Every structure is written in structure tokens, then in C-alpha cells.
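Encoded as C-alpha cells, the structure appears first; notes follow it.
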Amino acid sequence: MDTVVSDLLCIGAGLAGERVAVEAAAAGFSTICLSIVPPRRSHSSAAQGGMQASLGNSCMGEGDCPDVHFEDTVKGSDWGCDQEVARLFVERAPEAVREMAFWGIPWNRVVAGKSTYFKGGKQYEKVEAPEKEGLITARDFGGTAKWRTCYTSDGTGHTLLYTMDNKVVELGVTVHDRMEAISLIHDGENCMGAVARCLKTGKLRVYLARATLIATGGYGRIYRETTNAVINDGGGAIIALDTGIVPLGNPEAIQFHPTGIVPTNILVTEGCRGDGGTLLDVNEERFMPEYEPAKAELASRDVVSRWMTHHIRRGLGVPSHYGDHLWLDIRHLGAAHIKTKLREVEEICNNFLGIDPVTQLIPVRPAQHYTMAGIRTNKDGAAYGLKGLFAAGEAACWDLHGFNRLGGNSLAETVVAGKIVGEKVVEYLKGHEARFDTGVVRDRVRRDQERIDRLIGCKDGKEDTFKVRSAMQDELMERVGIFRNGKDLQQAVDNLQEILQRARRVGLRSSGLGANPELTLALKIEGMVKLALCTAYGALQRTESRGCHAREDFQARNDRDWLNRTLATWKEGANLPALEYEPASPSMPLPPGDRGYGASKIITCDGEIIDRG
Amino acid sequence: MGRHLTFEIFRFNPEDKDSVPHMETFHLEETERMTLFIALTRIREEQDPSLQFDFCCRAGICGSCAMMINGRPGLACKTLTRELPSEITLLPLPVFKLIGDLSVDTGTWYRAMNEKVESWIHTHRSFDPRAEEQRMDNALAEEIYELERCVECGCCVASCGTANMREDFLGASALNRIARFMMDPRDERSSKEYFEVVGTDEGIFGCMGLLACEDVCPKNLPLQDQLGILRRKMGWQAVKHLFRMG
């Protein structure tokens, strides 16, 4: 078997994976990154908004510091995050932004003097201080007390990813692109690397490493409607779950975004509503004021998404070939405003819909957006359960975001966690040697080759892998979406268990030769359905509402019973995950309280019921 | 709405010894707001699951899906079918190595390009985590960003007369990258050092000035201007070199 040995194997070469790789390579360790696409095509590039760090250079961020960032992050998480991790993160974020500047990011800078900005449809003025001229500036993002989001125009993720990959090239880090890890090699205690399938030739290869990192991003593609890239289908989470030992943290914690365009689900910014855009139904009538009289379209992301779904279910959506949707109307903002302040939206509408938003309505509906769920690690990024296995970025449940991630904290997490976990990986490599058991390796390869042969030979059945995927995606969208309730969740769990059986009977229609895309999907369809079941089952068990997890039948946040994190593992041959729980945070410097927005009912740790109603 | 679309798609799987390069016809009913991403995904899922093509972000950001669309390189995700005639011919990009059907290996090509032009900030300084960042004029940051927007999709390379004739030509995206670093005060390379990278026929002097690169760039990068500026700067450097002026 073709075998490659290195000190560190990074599975995934987006921002988090590459940042860890850079740290290890700079310390002199041989490092290999695997990526299913050329690294610069990773989904990190799509994060347009920016990266939070409390530099406080802009006048609108005056007085900002790690403490304020910490408070915003913990509140945002609805007290679901690990507060030690949040503290670590906010303290290191400013340094990480400056380091990226040193490596070449053209961050937008403070321009001294007067300028105007929009908030809630109104125009305001600000004056930047002359002594701050030329320092890294920041913009406003939801859920933050200060302007804290550092950015490069509309392409922050893109510039970060290109600069990071420049660093990777400079350091000579080997990247094997179009190489997909399909299983982890381990003996129940130690991780030794991975078996990967080449997406150019279809051939298998063994990667052995002293440390293995999973940084494969989120897995929004288990949902039918998602803003995520096509590649975000859970490869990394699946191989971790398949070990039967490594748990997923909070699999029920999935974030939605209200305005994905139809049919491609490309995200259009909340700035549209911020600036005064409205949502219309099939009768071209506004409906948000009916549900949220005070805030209407300006209510928070999750609230707007929920009412949109509710309105569509009432039969007031606009029918289309791609299912029902609603309209986003920004026509009244005028051509001048749309072509300058919302240029990016104008381009998306013209390029991907063939619609001119100055004169036409934009078809939108809520879509899955972010996976707070992920491979559970400790604060060093070391995965629970297997020595030598690490995870970082959206793939991990580190756990910075708890039950709700703030805008600008995900991009920041990739770089900051990448740096911190990178340092810990270096420490680990300095102190640990690995033993590669050839029997374990041979057995793992044999099992993977057998899976491939069975799929090609239709040995287990002839289920169509694309149809199984659609069934799973529909199930999650319909019953494990934004609004959740016990009856639907139970139904989803039952149906997904049937779909899991179908996934186990998949057989190929095509030859499976070379970089065959049907085989690529077939190899992970069972794993995807398992991820879906973890989400549905975790959501069913969690009888409270917290952050993005909104139960219609349990509307209060219940700190007495649920101030904890779900840990889901999957034992071999099982039809459901095994769930365990651990405290949300080892300590609570910021004790549970009111977020000041979102759900209003709380059952406190002492069992007292607070209702802001 | 409701047009009947006919796709002529290039097929070849180098990993299948029975496969020979050929064109294959697929049919699809057009739906509203259909892009080539929607169309190709449907063809794969409903008609031929072995069809190879590359999509990733499907939002014009990642540069994965460049292909020849009715003879012109472009991003498939950004192409609405209604802007095309009902007969659509799709071919893989030339210049890059074919992986299969519409999929080509841009990753290897671009990694080599980035190594060749040393696409990173060259500095003798080291990062001080406690120091304030080096200041920069916002206008300059935006100018750098303007050139940094390249997504390495390969459209400019595929459309380039020189790149199609000689394998070692750097191409517009590489020259644009050099222009980006020349503009950046953090990069300490001298004109002479840049000249060593691009002052040859493989670099800026290989450009024949046909400028299809600018016509097809899906990010509308100002390639014509940048190639012109670079040629002038490097020409001047060549003259200096001739007279040993440094």
C-alpha cells in the first residue's frame, strides 16, 4: 500500500487546518495537509463579513477589550460555551489579527474624520480620531456591544485564506489536494493517521502521522437548504464518529440564516433588512409586523427565520419549482443605495438569479448556515477519546460558540484556534512518539477496500445514493429545522433510522472507476445519515430552548437541568447514537443570565422561573 | 421558462481503460433562475452519476467551476442558462491537466505558480505579538485588495494565446500577483528581484497583448492595466540592467 509518513497530518486545508499546519511547520515538523479541493477553494473563502478582535481602533469600538468581547461571546452562546475557551480566544484574537496583517492581509484601515453609516434604515455620522489613522479598523456585526469586526471590503475570508496559503507555500508545507480521508487509523487508544481516497484517480493511500488534525469545516449539506459550500458534507465528523469513541459535542446546535436565495441558497446579507428591506409573502404583503410588532424584520436572525418558516407553513409562501419561498423587497431603498451600500447583494441577484433588485423582488427562504456541533475537544484542541487526534475550526466543538455563534466569531475562531491548537500540537509532537501497528493499518485498509468493492458490486443492494441523501435532507429540513417539537423530532428519528437502513443498502449505478463522484458520495452516505440522527436525537432529548435550539414545547431556557453539553458517540452496529452530558463550562466567570435579546423565559439553576414576556 | 435545453458535454475518464474522449448529449427542461450549477447537478443526479465536474461555493467566490461554455471560459456557477442558447456545449479548460470530463487540475498548476512567483510577503523583520500593527493608508489597502480578489479559477490562463502555446508561460494571474506584491510596502523585494521572476519571455515579455484574460476574468480584475504597468516597469528595469545601473 502506498504509504506516506509525517509528524502532523492535517485533514482539511481551510483556514483552521492551514493555521495549525503553519505553526507545526514553522517549528520544524514535517506536515502534510489533505484537502478535497485545492486549498484556496476551501469554504473559509466564503466568509465575507469579517473577523472579531477587540482592537478598539475605530471610534465605534472605543473602550473595547477582551472582557467585552468575552461577555458578548458567552451571551451569544446562551451560556452554552466553554468559558475558559472563550477567555483564551478573546485574549489571543487581537494578536492573531495583527499577525495576519504582518503576513499580508490588506485589512481596511481607520480613515480620520467624518463619515456616515446606516443602522436600522437610518443614517448616522461618526468621527474617527486622527491619531488612529491607518490602524486596523472594524465594522458593526449583530450581537456585539462594540464595532469589533475587522474586514477587507467584502472578501475577508478570501484574503485570509490566500494569505494563509501563501504562508503554507512559503514554509514548503506539502498539500495533497483532491485527497479525501475516508477513515481514521486507530487501535482504540491512539490515532495513527488516516486512509484517504484520491479524488483524481480513485486510488487509496495510507497517511501515518504522530498527530492527526481534523479541520474539515461544518456539515451543512446534511440539510436540503444550506448556505454552505457543496463540499461541506461532514467528511471529518463522519470519520471521527466512526471510531465509536470520539464524541460529537452538541450535535443539535445548528444555526440558520433567514435569507438564502432560491434556488442556490447563496446568502444575502442581513444588511438588506438592517437598511430597511422588508419580507413579503405570496400576496406581496408584509408579514413580520404581524408576528413581531416592535422589531418586525429587524428581529434577530433566529426569530426572523422561525416566523418565515411558520408563514410558509401557513400556506402563504410563493410556490416555485424549487419549493415555496418568500420575497425580500429592497426596491424602495432606491438604485443609489442598492448600487453602493448593497453592491454585493446587487451582484448576487444579477449574477445568480438574473434579477435586478432595484425593480424586482428577491426570492429567499431560511437555510442552514453554521454547525456549532463538532468533534468535541478540550481547550488544547485534543479530541476526546483518542490520543494524537486534534480538531479545530468549524469541524470542532472547542466549544467557543455554545448554542449560537456570533457573526465574525467563526472566521476569528479558525485563525485564533488554529494558532492556539497549533501551539499545543507542537508541544504534543515534542513530547510524544507514535507506534504504527502494521496489523491495524492493514485491517483498516482492507475494510475500506471492501466497502468500495461492495458498493461497486451492489453487494448490499441497489439503493440510489442521491435519493437516500435527498430523503435525509428533507427529513432534517421538515422536522429538525428552526422550530422543533417532540412529536416531529420523534418522527424524524424514526424516519431517519429507516433511511439509515437504506443507506446501508446503497449500490452504485455507474462503474465507480477513477474519481467517480457517485462513489465519493456513497462512501459517506451512511455517515451523513448518522450525523443527521445525532442532530435529531440530540434535539429530541434536549427539552429546553437555548440559542438556536428552539423547542415549541419547551420554550424556556432551563439552566437547572440543561446547562450542559451533549456528547454523542456511535457504537459499531448501533442504530442510534449514545448520548452523555457534561457541564457546559468547567467554571462560570459570567454566571447564566439574560442575553438581552431572543427568548425571554428562563428557568434558573435554582429552579426559579423568570419571564420577561 | 420551459425551454428544452440540449447539453453537449465532453466525456473522458482517464482511469477507465475503455473510455475514449467523446461528446455526449444530455437533455433537460429549463427551470426559472437556472444556473449551470443547478443544471449539471441535476444531470449527474438524475441521468449520469459518473459525470465529473467541480463545484464548491457555487457563489462565484472559490473559482472551482471554470469551464469552456459555448467556447468561452467562464464560471459555471455564475452562468444563467437563460443567457445561453438552448444548445449548450461544455468542455474542460485547456492548458490544465484533465482529471475527467469537465474537471481539470488547477490545484497543482496554481501551487507551482505560487512557488514560482514566491507569492508571499518578503521581509527581514519578525512578528512582534505585542507591537501595534504597521500603519497603512486605507486607500492603499483597498488598492491591494482590488488585485487580491483573483480566485485562481484559470479562465485567464485558458483564454491566453501564449499560455496555450508555451507551457512555461506564467499567465495573467501570476503577473497580477506580482503587481499586487509590488504595490505592498510590507514586501521588501526590489525591482531587480521582481525582474528576475517576471522579466523574461516566460513572464511579462511573453504576453502578446491579446488581452482575452481581461475579457474573460469573472472577477473583472484590471488585468490590461496591470500587465501594461508591469511591462513598463520591467522594460525600464531591463534598460537599467543593460547599462548596469543596478
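Per residue of A:508-516, how many C-beta atoms from partner chains lie within 10 Å of its own C-beta, taken as a mean?
6
Out of residues 5 or more away from A:Tyr581 or on other chains, whose amide H comes under 5 Å of its own, with H placed 1.01 Å from N in the peptide plane?
A:Leu567
What lysines sit close enough to B:Lys240 to cross-link, taking a C-alpha to C-alpha distance under 19 Å and skipping anything fewer than 8 places away on the same chain?
B:Lys240 reaches B:Lys192.
Could you order the peptides A:578-585, A:343-350 from most to least packed, using the average number of other C-beta atoms within 10 Å per residue?
Highest-to-lowest ranking by the protection proxy: A:343-350, A:578-585.
Under a Cβ-only charge scheme (Lys and Arg +1, Asp and Glu -1), can you give me the dipole magnitude of the protein assembly as shown about the Cα centre, in debye to the nearest 20?
Once rounded to the nearest 20, the dipole reads 520 debye.
Report the calculated FRET efficiency for A:Lys126 and B:Gln224 (r = Cβ-Cβ distance, R0 = 25 Å), to the nearest 0.05.
Plugging the Cβ-Cβ distance into 1/(1 + (r/R0)^6) gives 0.10.
What lysines does B:Lys78 reach when the alpha-carbon gap must be under 21 Å and sequence neighbours fewer than 8 apart in one chain are set aside?
A:Lys339, B:Lys219
What is the Cα centroid distance between the range B:27-95 and the range A:418-436, reported in whole angstrom?
If we compute the Cα centre of each part, the gap is 43 Å.
With n ≥ 4 as the cut-off for DSSP H runs, can you work out [θ] at 222 nm for the protein assembly as shown, using -39500 (n - 2.57) per run divided by the number of residues, rounded to the nearest 500?
It lands at -10000 deg cm²/dmol.
If you take every residue apart from A:Glu572 with its C-beta less than 14 Å away from the C-beta of A:Glu572, what net charge results, scoring Lys and Arg +1 and Asp and Glu -1?
+3
Please list the non-local residues whose amide H lies under 5 Å from the amide H of A:Ala181, H modeled 1.01 Å from N, same-chain partners needing a gap of 5 or more.
A:Arg197
How would you order A:531-539, A:268-276, A:6-14 from highest to lowest mean count of nearby Cβ atoms within 10 Å?
Descending packing order for the listed peptides: A:6-14, A:531-539, A:268-276.
At 24 angstrom or more along the helix axis (alpha-carbon based) and mean Kyte-Doolittle of -0.5 or higher, what helices does chain B contain? Whole DSSP H runs only.
Span-like helices here: B:223-242.
Among DSSP beta bridges whose residues both lie in the protein assembly as shown, state the antiparallel percentage, nearest 5.
70 percent
Using only the Cα atoms of the protein assembly as shown, build the gyration tensor, take square roots of its eigenvalues as a ≥ b ≥ c, and label the shape rounded, prolate or oblate: rounded if a/c is under 1.5, else prolate if a/b is larger than b/c, else oblate.
Taking the square roots of the gyration eigenvalues as a ≥ b ≥ c, the protein assembly as shown is rounded.
If you average the sequence gap of Cα pairs under 8 Å that are 6 or more apart and divide by the length of the range B:117-245, what percent do you get for the contact order?
31 percent
Probe radius 1.4 Å, ligands and nucleic acids left out: can you give me the accessible area buried at the A-B interface, summed over both chains, in Å² to the nearest hundred?
Using a 1.4 Å probe on protein heavy atoms, the buried area is about 6200 Å².
To the nearest whole number, what is the average tally of beta carbon atoms from other chains within 10 Å of the beta carbons of peptide B:46-56?
6
Specify whether the C-alpha gyration tensor of the range A:485-530 places it in the rounded, prolate or oblate class, a ≥ b ≥ c being the square roots of the eigenvalues: rounded for a/c under 1.5, otherwise prolate if a/b is larger than b/c and oblate if not.
prolate
Tell me, what HN-Hα J-couplings in whole Hz come from the Karplus equation 6.51 cos²θ - 1.76 cosθ + 1.60 at θ = phi - 60° for each residue of the range B:65-82, using x for Gly and Pro?
Per residue, the Karplus-derived 3J(HN,Hα) values read 9, 5, 7, 7, 10, 6, x, 10, x, x, 7, 5, 5, 9, 10, 7, 4, 5 Hz.
Given the pairs A:Lys487/A:Lys530; A:Lys75/A:Lys601; A:Lys203/A:Lys462; A:Lys459/B:Lys97, which are separated by over 26 angstrom at their Cα positions?
In this structure, A:Lys459/B:Lys97 exceed 26 Å between Cα atoms.
Looking only at other chains, what is the average number of their beta-carbon atoms within 10 angstrom of each beta-carbon in A:46-58?
Going residue by residue through A:46-58 and averaging, the value is 1.
For A:Leu361, what charge total do you get from the other residues with a beta carbon under 15 Å from its beta carbon, if Lys and Arg give +1 and Asp and Glu give -1?
-4
Determine, for each peptide in A:192-202, B:132-142, the mean count of other beta carbons within 10 angstrom over its residues, then list the peptides with the highest first.
A:192-202, B:132-142
The range B:117-245: Rg/Rh from Cα coordinates, Kirkwood Rh?
Rounded to two decimals, Rg/Rh equals 1.00.
Using the crude model of +1 on Lys and Arg Cβ and -1 on Asp and Glu Cβ, and no other charge, please compute the dipole size for the range B:8-82 relative to its Cα centre, in debye to 20.
So the magnitude is around 440 debye.
From Cα pairs below 8 angstrom and at least 6 apart in sequence, can you work out the relative contact order of chain B, rounded to a whole percent?
17 percent
Treating only the Cβ of Lys, Arg, Asp and Glu as charged (+1, +1, -1, -1), what charge dipole size does the range B:117-245 show about its Cα centre? Round to the nearest 20 debye.
The calculation lands at about 420 debye.
Work out from phi, with θ = phi - 60° and the Karplus expression 6.51 cos²θ - 1.76 cosθ + 1.60, the ³J(HN,Hα) of each residue of the range A:189-199, listed in order in whole Hz, and give x for Gly and Pro.
10, 10, 8, 10, x, 8, 9, 10, 10, 6, 8
Give a residue-ordered list of calculated ³J(HN,Hα) values for the range A:232-244 (Karplus: 6.51 cos²θ - 1.76 cosθ + 1.60, θ = phi - 60°; whole Hz; x for Gly, Pro).
7, 10, x, x, x, 5, 5, 5, 6, 5, 5, 5, x
Express the relative contact order of chain A as a whole percentage, based on alpha carbon pairs under 8 Å and six or more residues apart in sequence.
19 percent
Once amide H atoms are built 1.01 Å from N in the peptide plane, which residues 5 or more positions from B:Ile88, or in another chain, come under 5 Å H to H?
For B:Ile88, the qualifying residues are B:Thr6, B:Phe7, B:Glu8.
Can you give the local net charge around A:Pro39? Use residues other than it whose beta-carbon is closer than 9 angstrom to its beta-carbon, Lys and Arg +1, Asp and Glu -1.
Once all neighbours under 9 Å are counted, the net charge is 0.
State the percentage of accessible surface on chain A attributable to carbon and sulfur atoms; use a 1.4 Å probe and exclude ligands, DNA and RNA.
48 percent
Helix by helix through chain A, keep the DSSP H runs that span 30 Å or more along the axis on Cα and average at least -0.5 on Kyte-Doolittle, and give those back in order.
A:409-431, A:517-541
The values are calculated or read from the model by the stated rules, or taken from the named source; none is laboratory data. As the structure is a prediction and not an experimental result, all values here were calculated from the model. Because the Cβ atoms are built from the backbone with ideal geometry, glycine has one as well, and the counts that use them run over all protein chains shown. Please note that ligands, DNA and RNA were not included when accessible areas were found on the heavy atoms of the full protein model with its side chains. Shrake-Rupley method; radii C 1.70, N 1.55, O 1.52, S 1.80 Å.
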